[in-house]
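The values are calculated or read from the model by the stated rules, or taken from the named source; none is laboratory data. Since we're looking at a predicted model, the values are computed, not measured. Don't worry about glycine lacking a Cβ; one is built from the backbone with ideal geometry, like all the others, and counts go over all protein chains shown. We work out accessible area using only protein heavy atoms, side chains counted, and drop any ligands, DNA or RNA first. Shrake-Rupley method; radii C 1.70, N 1.55, O 1.52, S 1.80 Å.
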Amino acid sequence: MFDDIWENVNDFIVAQLGELGPLIVVGMLGVLLVLIALPSFLFQKKDPLDKIRAERMGQTGPQVLGLRVSGKDERLDRFRQYLEPQSEEEMTAAQLQMVRAGYRSKGAVQFFHAASFALGILGLVIGTIYVLIAGNGSAQQSILAVLIPGFVGYYAPKYWVTRRVQMREEEIIQGFPDALDLMLVCVEAGQSLDQAIIRVATEIRDSYPALAEEFEIIAYEMKAGKDKTKVLRDMGERVGVQDINSFVTTLIQSATFGTSIAEALRVYAGEMRDKRVMRAEEKANKLPTKLTLGTMLFCVPPLLIILIGPSVYGIAQNLGGM
């Protein structure tokens, strides 16, 4: 009897939704169960022991001090074993990637993985709804219509972070020669390196906010008493730009051997200006090659029509008259 009921239900689902009807129903039930279970995890009460422990450590709430963000989303923190890499190396690499993208909060990695998961589920739901509404295609087309939005939603945060990293690196590379020139002027005017960095961060904030933010972090860490060499090395690792790493090495060597910082800045600033000119010349030299395809597509066909078109038309008229 149970087999007959199951067969009748299966036949009804296939008649209403097509051959993929059972698969669609199972997928929708899975999504429904996930949506039902999420509120119980997200809004569960906080453990009193955790509250007492946080109060003893002085962590009664999130604090924001300057550029430092010391707070996590507690709702995501409950799922950190699922939203964070388990190995220390992968976690460090993920945190460094988020910092290079400009997301410095402690819960940035968790929020990134949560966004990937949520957008992936949302994409699957959208694909399923589309198949249910316009399900006139084959089984393969229906599967692709469900899976492709899910893949797009899952990898969209990763693309966004990668793009953010590239944009910040380009901005830092573009503004670094100007920042070095301004820093050289400040040092030669009698300011210390710490004061010069603060001044440069203030002056370039409107033009190059990413680079200004990095200089502000250096200034705050130096004010906090952190070792200057460690601060500079952290900046080179945090930014991940070769020009910044070379600049950090130059300053460390200048401080180690006692040479003039102004002289080192003057030499390195000149090299950065020459390097920027070389980058511009390189892009200019690549431009003809990039324009070749456009020239072939948009210039050659009209030119051929203008030159050969009258002859072809005359030949066609002569052949028609014969």
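Those helices (runs of 4 or more DSSP H) of region 194-260 in which at least 3 residues are open to solvent by 80 Å² or more (accessible area, probe 1.4 Å), considering only elements entirely within it, cover 228-239, 242-257.
Restricting attention to region 140-151, the residues being surrounded by fewer than 20 Cβ atoms within 10 Å (Cβ to Cβ) and in contact (Cβ under 8 Å) with a residue 40 or more places away in the chain number 1. Taking the criterion of being small (Gly, Ala, Ser) and touching a residue at least 12 places away in the same chain (Cβ under 8 Å), the residues of region 152-205 that qualify are 153, 156, 175, 179, 196, 201. Residues of region 84-115 that are in a helix (DSSP H, G or I), surrounded by fewer than 18 Cβ atoms within 10 Å (Cβ to Cβ) and of a type in the set (S, T, N, Q): 92, 95. Residue 152: in contact with a Leu (Cβ under 9 Å, 6 or more places away or on another chain) and not aromatic (Phe, Trp, Tyr), yes or no? Yes. Among the residues of region 261-285, those that are more than 27 Å from the chain's Cα centre (by Cα) and either among the hydroxyl-bearing types (Ser, Thr, Tyr) or open to solvent by 70 Å² or more (accessible area, probe 1.4 Å) (or both) comprise 263, 266, 267, 268, 271, 273, 274, 277, 278, 281, 285.
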